[in-house]
1. Out of the residues in region 12-33 meeting the condition of being surrounded by fewer than 16 Cβ atoms within 10 Å (Cβ to Cβ) and of a type in the set (A, V, I, L, M, F, W, C), tell me which one is farthest from residue 66 (Cα to Cα).
2. Please state which one of 62, 20, 30 is in a helix (DSSP H, G or I) and either in contact (Cβ under 8 Å) with a residue 12 or more places away in the chain or not acidic (Asp, Glu) (or both).
3. I'd like the full set of residues that are surrounded by 11 or more Cβ atoms within 10 Å (Cβ to Cβ), in contact with a Gly (Cβ under 8 Å, 6 or more places away or on another chain) and not in a helix (DSSP H, G or I), limited to region 38-57.
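The values are calculated or read from the model by the stated rules, or taken from the named source; none is laboratory data. The shown structure was predicted, so the numbers you read here are calculated from the model rather than taken from an experiment. Note that we place each Cβ from the backbone using ideal geometry, even for glycine, and neighbour counts take in every protein chain shown.
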Amino acid sequence: MPGRKVAYREMRVVYEPDGAGWHVYIPEVAGCRSHGRSIAEARKNIREALALCADEIPNAAAVAKKARFR
C-alpha cells in the first residue's frame with residue numbers, strides 16, 4: 001500500500017564466527033540467514049536478507065529498513 005507507515009521492529013540477531021568471517025541469522029524469521037567478513041558487513045547483509053523475506057513478513061522491505069537489531 002503506498003503511503004502506509006511501517007513502525008520499527010526490534011529483532012534479535014545472532015552472530016557466530018565461522019573462521020572466514022561471521023554467520024548471521026534472525027531466529028524469529030525462518031530462513032533469514034547471511035554472512036559477512038566483518039560484523040558490519042554481516043549486519044548489512046542480514047538487513048538485505050530480511051528485505052527478501054516477504055513470505056514470512058508482510059512488507060518485508062520496509063520492515064528491513066526500519067528494523068532495530070539487538
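1. 20
2. Unique residue meeting the criteria: 62.
3. Within region 38-57, 53, 56 qualify.
For (1) closer than 18 Å to residue 9 by Cα; (2) modelled with pLDDT of 95 or more; (3) hydrophobic (A, V, I, L, M, F, W, C); (4) touching a strand residue (DSSP E or B) at 6+ places or on another chain (Cβ under 7 Å), each residue gets a yes or a no:
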{"site": "23", "(1), (2), (3), (4)": "no, yes, no, yes"}
{"site": "32", "(1), (2), (3), (4)": "yes, yes, yes, yes"}
{"site": "35", "(1), (2), (3), (4)": "no, yes, no, yes"}
{"site": "42", "(1), (2), (3), (4)": "no, yes, yes, yes"}
{"site": "46", "(1), (2), (3), (4)": "yes, yes, yes, yes"}
{"site": "52", "(1), (2), (3), (4)": "yes, yes, yes, no"}
{"site": "58", "(1), (2), (3), (4)": "yes, no, no, no"}
{"site": "62", "(1), (2), (3), (4)": "yes, no, yes, no"}
